[in-house]
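The values are calculated or read from the model by the stated rules, or taken from the named source; none is laboratory data. Just so it is clear, the structure is predicted and the values come from calculations on it, not from any experiment. Cβ placement follows ideal geometry from the backbone for every residue including glycine, while neighbour counts extend to all protein chains displayed. All accessible areas refer to the heavy atoms of the entire protein, side chains included, with ligands and DNA or RNA removed. Shrake-Rupley method; radii C 1.70, N 1.55, O 1.52, S 1.80 Å.
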Amino acid sequence: MVQINLWGLLALCIGATYFWRAAGVFIASKLDPGSDLFKWLACVAYGMLAGLISRIFIFPVGLLAETPLIDRLVALGLGYILFFMMGRNLFAGTSVAVLVFLALTTTRSYGLI
Amino acid sequence: MNNPEPDNPNTTKEAFVIGMGEAFGLPALVLFASMIGFGSMALESGFSIGVAIGSTIGIWGLPGQVAMAESFALGAPVIAIVLSVSMANMRFLPMALPMVPLLRGNKTGWKWRYLIIHFMSINPWAAVLRRGPEMKPELITPYFLGFSIVCISSGALGTATGFIVAGSLPFYITVALIFLNPVYFAYLFSGVRQRNCILALIAGAILGPLFYLVSPEWGLPACGLAAGSIGYGLDKMIGGRNGSD
């Protein structure tokens, strides 16, 4: 594809994403933040995001799919231990999980495990 | 999280600056790093640097950007690419629903809400839902914008960096950068305190992969509806003091 088409494709993709945002604003403009409907919708949004993140761990696509499931889960699990030990510390959990994962994939790519 | 809650802002400018300050730390760092992963992927998929950065600023939703890069690299037809991007970013609809009513307190912001919504991503969204209700209503919008502008800037910077350094990074670094994004969000949501939302998060984490097996396209929205209703319903059933507020 030539460059101009790639920009055209990008414009379509931007529109395809913005559609959901605008639909959300349109519907939400009629909502009252104190209502039960509002609380249920917040739960739906959290449920959807948790489902998305969990799916990325279990069934990733792209580069992440080339790593073993056990590496992803061990890294996440050790991060969780630190996260809760440090009083729900986001930084502690994230850095431990990424470092463990990095260590595992590095040793694997050198054929050590 | 460990750190004490910062004071609530009193003026528009303060709210904007506090939002920027909160984003300028772990959220900006994580975004920068994960967009390095996307930037190098964009180069490999045949994007120009302009399109790579343009997709971060314009689409501003990583799963959709990844879908665009992947299906473009595979040579998929335009309609298929656009549909897969759209499906991958469908979460913005349910995300907007609880956030938008919180923006109503700011008259100017409310007028521009269809523009402001473009800046919504998980980080500022989670921040507004957590801190917004205890803020003066008119200050939520500037707080959100301050937070978002730092996020989108570091995302764009990360994309450019990734595009430039792509190829020179070994597999294990690139994949660790990609891994950073989901782990960070897993812990971010593990810090949520409202019981109904916690229950919805747990249900969603269990149902997400299962529903995906049933239908990769519709599994996610179905998971949101099911998990959200479970969380909301269980919380109502348990009742009691520790309730949803």
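Numbers below:
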| quantity | calculated |
| --- | --- |
| Any pair with Cβ under 8 angstrom, 6 or more apart, that starts in region A:86-113 at a residue that is part of a loop (DSSP other than H, G, I, E, B) and crowded, with 19+ Cβ neighbours inside 10 Å and ends at one that is modelled with pLDDT under 95 and aliphatic (A, V, I, L, M) | A:Asn89/B:Met1 |
| Which listed residue, of B:Tyr143, B:Tyr212, B:Tyr184, is surrounded by 19 or more Cβ atoms within 10 Å (Cβ to Cβ), of a type in the set (Ser, Thr, Tyr) and within 25 Å of A:Phe83 (Cα to Cα) | B:Tyr184 |
| Verdict on A:Ile27 being over 16 Å from the mean Cα position of the chain (by Cα), at the interface with chain B (Cβ under 7 Å from one of its Cβ atoms), closer than 25 Å to B:Ala227 by Cβ and part of a helix (DSSP H, G or I) | yes |
| Flag for B:Pro221 being within 9 Å of chain A (Cβ to nearest Cβ), surrounded by 17 or more Cβ atoms within 10 Å (Cβ to Cβ) and at pLDDT 90 or above | no |
| Qualifying positions in region A:48-82 - outside any helix (DSSP H, G or I) and open to solvent by 50 Å² or more (accessible area, probe 1.4 Å) | A:Phe59, A:Val61 |
| For B:Phe38: the one exception among (1) more than 7 Å from chain A (Cβ to nearest Cβ); (2) more than 17 Å from the chain's Cα centre (by Cα); (3) not polar (S, T, N, Q) | (2) |
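So that you can scan it fast, the table gives a plain yes or no per residue for (1) more than 27 Å from B:Val192 (Cβ to Cβ); (2) of a type outside the set (Val, Ile, Thr); (3) at the interface with chain A (Cβ under 9 Å from one of its Cβ atoms):
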{"position": "B:Met68", "(1), (2), (3)": "yes, yes, yes"}
{"position": "B:Phe92", "(1), (2), (3)": "no, yes, yes"}
{"position": "B:Ala96", "(1), (2), (3)": "no, yes, yes"}
{"position": "B:Pro101", "(1), (2), (3)": "no, yes, yes"}
{"position": "B:Gly105", "(1), (2), (3)": "no, yes, no"}
{"position": "B:Gly109", "(1), (2), (3)": "no, yes, no"}
{"position": "B:Ile116", "(1), (2), (3)": "no, no, yes"}
{"position": "B:Arg130", "(1), (2), (3)": "no, yes, no"}
